[in-house]
Amino acid sequence: MAMIRSITITENLTPALRKVAEGVSDLSEPMADIAGKWLINTHDRFRAEISPAGVPWDKNRRAIAEGNATLFKSGALFNAIDKAFGANFAQIGVEETAGPAIYALVHQEGAVITAARGKALNTPYGPFKSVTIPARPYVGFAEEDEVMAVEFLSAHLQKLFDSGAAAVPA
């Protein structure tokens with residue numbers, strides 16, 4: 001079957017579909033909402049001392065001894081967690097230039113810190129050859145975050161379709 005004439009769909013979209021296509025090319029608005037709510041959820045989990053998967057953190061010695069929260073000695077790590085977003089992304093994390101960036105990954109993933117050149121690590125609990133810091137994940141995308149992101153994106157798409165519906169010829 002020979003094609004007599006071709007039509008390029010992007011040039012012939014209805015006004016409503018064109019509006020939707022333009023609306024999904026820059027998702028900054030829903031990404032800002034996602035990042036904002038994700039940051040709130042992350043801070044809530046941090047205060048509750050649980051990972052994004054809902055696993056409680058191991059208490060640290062200082063928190064036990066002082067009766068304080070784990071990873072909350074000064075609040076610097078908590079306060080360094082921030083959001084960023086753009087046309088096609090939302091993210092949460094600690095800026096690489098923030099003071100807590102030095103130890104943020106250690107707390108997120110855990111680490112074994114060993115004394116250099118055979119010396120001992122000087123800790124408040126005495127000298128040690130090495131110290132194991134367990135992983136206490138505080139940044140991550142929990143199931144509730146995934147549901148929230150889908151809801152924000154769905155609402156954005158629905159708004160685009162609703163606002164474009166008036167442009168469709170009757």
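Annotations for the structure displayed:
- Region 31-57 - residue that is more than 30 Å from P124 (Cβ to Cβ) and among the β-branched types (V, I, T) and, of those, surrounded by the fewest Cβ atoms within 10 Å (Cβ to Cβ): I40
- Considering region 58-74, and only residues there that are part of a loop (DSSP other than H, G, I, E, B) and small (G, A, S), the residue that is surrounded by the fewest Cβ atoms within 10 Å (Cβ to Cβ) turns out to be G67.
- The single condition among (1) hydrophobic (A, V, I, L, M, F, W, C); (2) at pLDDT 95 or above; (3) open to solvent by 60 Å² or more (accessible area, probe 1.4 Å); (4) touching a strand residue (DSSP E or B) at 6+ places or on another chain (Cβ under 6 Å) that A84 does not meet is (3).
- Restricting region 111-152 to residues that are open to solvent by less than 60 Å² (accessible area, probe 1.4 Å), of a type outside the set (G, A, S) and modelled with pLDDT of 90 or more leaves a set whose member that is farthest from P15 (Cα to Cα) is I133.
- Extreme residue, nearest to G36 (Cα to Cα), among residues of region 91-110 that are assigned to a strand (DSSP E or B) and open to solvent by less than 30 Å² (accessible area, probe 1.4 Å): I92
The values are calculated or read from the model by the stated rules, or taken from the named source; none is laboratory data. Just so we're clear, the structure is a prediction, and the values are computed from it rather than from any experiment. Cβ: placed from backbone, ideal geometry, glycine included. Neighbour counts: every protein chain shown. Remember, those area values only see protein heavy atoms, side chains included, never the ligands or the DNA or RNA. Shrake-Rupley method; radii C 1.70, N 1.55, O 1.52, S 1.80 Å.
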